[in-house]
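Just so you know, all these numbers are worked out from the coordinates, no wet-lab data involved. As the structure is a prediction and not an experimental result, all values here were calculated from the model. For neighbour counting, all protein chains shown are included, and Cβ atoms are generated from backbone atoms with ideal geometry for every residue, glycine included.
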């Protein structure tokens with residue numbers, strides 16, 4: 001289980017960091033004929049840079065820059081890295097407009113010594129999320145694109161080394177708009193989120209041992225977490241090189257734990273830039289969709 005979580009975490013980090021937010025348009029361009037023309041395996045190098053909030057509703061800004069290998073496998077049942085927004089996909093159930101799949105999420109780690117309100121508190125480890133997703137494509141060619149509605153329920157695990165610890169669950173409804181241009185893809189997203197008490201504790205609880213005059217003890221509660229807004233643009237520069245950029249915004253007004261001393265900003269914003277470079281592909285080809 002731990003090796004599987006480790007591999008999935010690497011893919012989730014790269015995939016969610018890249019945030020292409022949907023199927024890679026490069027695949028879409030090449031599938032004008034058949035998905036069978038795509039390689040069964042590919043190896044890519046991903047480079048990623050992000051500037052954004054240290055955690056939900058935090059006024060502190062963190063910068064994350066890293067390269068990562070990005071393997072792609074297009075199997076009949078399991079697909080890895082084929083979709084940068086959903087780096088691990090299964091074909092549990094899929095029809096023309098309805099799909100049941102597995103959804104993943106990821107929160108970057110943060111050093112508490114770099115966050116004023118968390119000084120002398122434990123660091124925030126990488127938080128990996130996974131669970132079922134029900135997706136409906138309910139509008140085609142809306143303003144030239146497609147509209148999707150998804151309902152997601154994910155469990156969360158904090159990774160302290162390779163030892164995952166459960167951190168509750170998070171529930172999301174997602175409205176997504178996708179539009180394709182020649183060699184370019186645009187994605188817009190709105191995501192209201194609710195979370196369990198255990199999940200909220202990870203970000204907003206202050207145990208008595210860490211309480212100070214400026215940071216009183218606080219017991220976090222489950223409920224509304226906030227709403228995320230985002231957009232991304234993906235551009236295929238060559239057959240082997242892709243650039244991705246975008247922004248993320250968070251609105252946490254009315255959040256269940258807005259009275260926590262660790263809740264320090266009602267709105268957050270962040271930007272990211274990434275690239276994908278393919279340096280190898282297999283001779284074996286994937287089966288058609």
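A few notes on this one:
- By other beta-carbon atoms within 10 Å, ranking 234, 112, 37, 58 with the fewest at the front produces 37, 112, 58, 234.
- Percentage, to the nearest whole number, of Cα pairs in segment 200-249 over 16 Å apart: 65
- Each principal axis of the Cα cloud of the chain was taken in turn, and the coordinate range along them, longest first, works out to 65, 37, 32 Å.
- C-alpha center-to-center spacing [segment 66-138, segment 175-214] in angstrom: 13
- Going from the residue with the fewest nearby Cβ atoms within 10 Å to the one with the most, 141, 266 rank 141, 266.
- Neighbour counts of other Cβ atoms within 10 Å put 202, 224, 181 in the fewest-to-most order 181, 224, 202.
- Distance in nm between pseudo-label sites at residue 219 and residue 153 (7 Å out along the Cβ direction from Cα): 2.6
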